[in-house]
Amino acid sequence: MKYLFFTLVFAAGFNLFSQNLNTSSNGVQYFSQLTFQDTTSSATLDAIEQDLSQNPMILMSRLDRVSGGLFIVTKVLTDFDRQTVESWLGSNAVHINCFRKGLYGVDQVIPFNSQFCSNTH
């Protein structure tokens, strides 16, 4: 009987924790995946990396120079869209080829491969 009670309490606690994993009273964490045009220079990618590393709204950003893919995880925000990322990139936003966003910890991250742009909605 005590094992059944323990299992029920554990399951209820886990369910409550998982529902609150990516929410707070102030917003949620988002992620974005984007690719840059093949003609984007190495100097431009360096500038993008530098700008994003200093952005206080970004928890983490990773740039894959082989695929041209950029992965960003935000801090807790109330709103997030392509225009937000474009504002962070400034004049370098013109180099974006494909863009995708999701809820961090909820939505699936897709690979940066030759099908990335066709898999973004």
Original post:
How many residues, within the stretch 45-60, are in a helix (DSSP H, G or I), in contact with a strand residue (DSSP E or B) (Cβ under 9 Å, 6 or more places away or on another chain), surrounded by fewer than 17 Cβ atoms within 10 Å (Cβ to Cβ) and in contact (Cβ under 8 Å) with a residue 12 or more places away in the chain?
Top reply: 1
Original post:
Could you list, in sequence order, the residues of the stretch 89-104 that are small (Gly, Ala, Ser) and open to solvent by less than 60 Å² (accessible area, probe 1.4 Å)?
Top reply: Gly90, Ala93, Gly102
**OP:** Kindly establish whether Phe80 is under 20 Å from Thr40 (Cα atoms) and part of a loop (DSSP other than H, G, I, E, B).
**Re:** no
Subject >> Test result for Thr35, in contact with a Cys (Cβ under 6 Å, 6 or more places away or on another chain) and either surrounded by fewer than 12 Cβ atoms within 10 Å (Cβ to Cβ) or of a type outside the set (Lys, Arg) (or both) >> reply: yes
**OP:** Could you list, in sequence order, all residues of the stretch 64-80 that are open to solvent by 30 Å² or more (accessible area, probe 1.4 Å) and either at pLDDT 95 or above or among the hydrophobic types (A, V, I, L, M, F, W, C) (or both)?
**Re:** Val66, Phe71, Lys75, Val76
Original post:
Exactly one of (1) in a helix (DSSP H, G or I); (2) under 17 Å from Tyr30 (Cα atoms) is unmet by Gln108. Its number?
Top reply: (1)
**OP:** Please tell me if Thr78 is within 12 Å of Gln29 (Cα to Cα), touching a Gly at 6+ places or on another chain (Cβ under 6 Å) and of a type outside the set (D, E, K, R).
**Re:** yes
**OP:** Quickly run through the stretch 99-121 and pick out the residues that are under 19 Å from Asp38 (Cβ atoms) and modelled with pLDDT under 95.
**Re:** Pro111, Phe112, Asn113, Ser114, Gln115, Phe116, Cys117, Ser118, Asn119, Thr120
**OP:** Filter the stretch 89-121 for residues that are of a type in the set (Val, Ile, Thr) and free of Cβ contacts under 8 Å to residues at least 12 places away in the same chain and give the result.
**Re:** Val94
Original post:
loosely packed, with under 15 Cβ neighbours inside 10 Å and in contact with a helix residue (DSSP H, G or I) (Cβ under 9 Å, 6 or more places away or on another chain): does that describe Ile110?
Top reply: yes
Original post:
Taking Glu86 and the conditions (1) surrounded by 13 or more Cβ atoms within 10 Å (Cβ to Cβ); (2) touching a residue at least 12 places away in the same chain (Cβ under 8 Å), which numbered condition does it fall short on, given that it satisfies the others?
Top reply: (2)
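The values are calculated or read from the model by the stated rules, or taken from the named source; none is laboratory data. None of these values were measured; they are calculated from a predicted model. Neighbour counts run over all protein chains shown; Cβ positions are idealised from the backbone, glycine included. Surface areas here come from the heavy atoms of the whole protein model, side chains and all, with no ligands, DNA or RNA. Shrake-Rupley method; radii C 1.70, N 1.55, O 1.52, S 1.80 Å.
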